[in-house]
Amino acid sequence: MRYLLVAVLGLSLAGCGSVYRTPKVVEGVAGGANVRVLDLNPETVIQANRSPYSPQTLPAFFSQTAGSGSGPRGTGALPVPPLESESRPAALEMRLPPAADPGPYEIGVGDVVLLATPRATSSVEQLSGLLAAQNSRQGYTVQDDGSINIPDVGRVRIAGLTIEDAEAALFQRLVENQIDPTFSLEISEFNSRKISIGGAVASPTVVPVTLTPLYLEEALAAAGGITVEDQDYASIRLYRDGTLYQIPLTQLYSRASLTKTRLLPGDAVFVDTEYELSQAQDYFTQQITLVQARQSARSSALAELQAEVGLRRANLDEARSNYKARVDLGADKRQYVYLAGEVGKQSRFALPYERTASLADALYDANGVASLTGDVSQIYVLRSSSDPREFGAITAWHLDARNAAHFALAPRFELRPDDIIFVAQQPVTKWSRAVSQILPQILSVGSAVTN
């Protein structure tokens, strides 16, 4: 009797509508909606795909690149250095240096001086045990500060002084230090004042200027003489104090007085075998300058181009990042398809940009049909009509996948915005859920009856 009451109670509960109700697709007019069910087959798939639809497009900055810059950069075409041919003159110009008398020799840095006693006979003797005079090649070298360092006397500045003035300065210092001032000053090595000789000579060299005047012929002889085959256009170039002088070689030998041209400390002598070298020098200088200008321009242009492209790329990245943030925050109007019923995950599926999505895309993005509860024979795509004259009209595209071959239609069926994909539940699932709902009530009533 107890169990009979429990069964009657359960049936009464089912009859009064308190048990689980399952969703399903019902064809016909219900609740103001006119539902039409069409089985999916190759023909109806084509029919469904005919509905007008244009996928959303990404903003233009997703297809843009940083580019390669706004245009060519650099110095452009550089002028071609002029090279004008010149005819050789009939004769080279004579430009003589002015006559000069440098006066007495002045001791300079690097010169070596000797202090010797007048009692010296065959060799230089030592002065009072203090002054260096072991032999004719020893002495005091004038240091960088212009002084010589004498033991027990100290440093005495003699650079820039003549020999007489230097002797007077040394005499005074010796007297101050109570040393016998009987001595003589000699210069053993002349190292402070020199003349350089180069060009078409046998051995380019540097000739020191000594106490005796140095003339051009002596300087040329010290360099081994002139080695010029064609004397007609050879010349002696003398550079002095920023001015260039010129003596044609033919006149040098025809006028003996020119060989007695006195040279001064710091002069530079160059034996030139051409009548004019400055033009070639200028040409090569211009060529080097142009190469350097082009290299500098290319480096500057590359740096500017990289900076411009970097700014463009940063702007594009920022715009794309901002757009993705808007999408993540729901500020962008996306198009969705909704999945309900016995799918792996009830959710909404965002339609992709710039292409269509298929039924298979949405199903498998939501993990497909639930294998334990879903009814593969009841897969629907619900689509409302966009025609205002068909308000409330819904087409239910039905896929019966009990034959697994019908799944081949899913990749061909194109989805539209606001489509709803619905998968019904299996009958046993419906019964299981109904039982799980009423079983607690039955057990509760049974317990009450028993008591």
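Ile247: of a type in the set (A, V, I, L, M, F, W, C) and at pLDDT 85 or above, yes or no? Taking the combined requirement at face value, the residue satisfies it. Pairing residues of the range 359-372 that are on the phi > 0 side of the Ramachandran plot with residues that are open to solvent by 60 Å² or more (accessible area, probe 1.4 Å), at Cβ distances under 9 Å and at least 6 apart in sequence or on separate chains, gives Asn367/Lys345.
What number of residues within the range 228-270 are closer than 12 Å to Ala200 by Cα and under 50 Å from the mean Cα position of the chain (by Cα)?
So the answer is 3.
Restricting Ala90, Ala66, Ala77 to those that are in a loop (DSSP other than H, G, I, E, B), modelled with pLDDT under 60 and more than 30 Å from Thr259 (Cβ to Cβ) reduces the list to Ala77.
Put simply, of Ala202, Ala159 the only residue that is open to solvent by less than 60 Å² (accessible area, probe 1.4 Å), of a type in the set (Gly, Ala, Ser) and either touching a residue at least 24 places away in the same chain (Cβ under 8 Å) or within 21 Å of Gly110 (Cβ to Cβ) (or both) is Ala159. Exactly one residue among Phe422, Phe349 is part of a strand (DSSP E or B), modelled with pLDDT of 90 or more, touching a helix residue (DSSP H, G or I) at 6+ places or on another chain (Cβ under 6 Å) and surrounded by 15 or more Cβ atoms within 10 Å (Cβ to Cβ), and that residue is Phe349. Number of residues in the range 110-145 that are in a loop (DSSP other than H, G, I, E, B), modelled with pLDDT of 85 or more, within 15 Å of Leu185 (Cβ to Cβ) and not hydrophobic (A, V, I, L, M, F, W, C) equals 1. For the range 218-228, filtered to residues that are surrounded by fewer than 15 Cβ atoms within 10 Å (Cβ to Cβ) and in contact (Cβ under 8 Å) with a residue 24 or more places away in the chain, the residue that is farthest from Val112 (Cα to Cα) is Thr227. Looking at Tyr323, Tyr275, just one residue is aromatic (Phe, Trp, Tyr), more than 35 Å from the chain's Cα centre (by Cα) and either assigned to a loop (DSSP other than H, G, I, E, B) or modelled with pLDDT of 85 or more (or both), and that residue is Tyr275.
With respect to the conditions (1) open to solvent by 30 Å² or more (accessible area, probe 1.4 Å); (2) modelled with pLDDT of 85 or more; (3) out of contact with any Asp or Glu (no Cβ under 8 Å at 6 or more places or on another chain), Tyr338 lacks only one, and its number is (3).
Quick grid of which residues meet (1) surrounded by 17 or more Cβ atoms within 10 Å (Cβ to Cβ); (2) within 16 Å of Phe413 (Cβ to Cβ); (3) touching a Lys or Arg at 6+ places or on another chain (Cβ under 8 Å):
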site	(1), (2), (3)
Leu363	yes, yes, no
Asn367	no, no, yes
Ala370	yes, no, no
Asp375	yes, no, no
Arg383	yes, yes, yes
Asp387	no, no, no
Gly392	no, no, no
Ala396	yes, yes, yes
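The residue of the range 349-389 that is nearest to the chain's Cα centre (by Cα), among those that are charged (D, E, K, R) and within 16 Å of Val37 (Cβ to Cβ), is Arg383.
The values are calculated or read from the model by the stated rules, or taken from the named source; none is laboratory data. Remember, it's a predicted structure, so these values are computed and weren't measured experimentally. Please note: Cβ atoms are built from the backbone with ideal geometry, for glycine as well, and neighbour counts cover all protein chains shown. The protein model used for the area step is the full one, side chains on, heavy atoms only, and it has no ligands, DNA or RNA in it. Shrake-Rupley method; radii C 1.70, N 1.55, O 1.52, S 1.80 Å.
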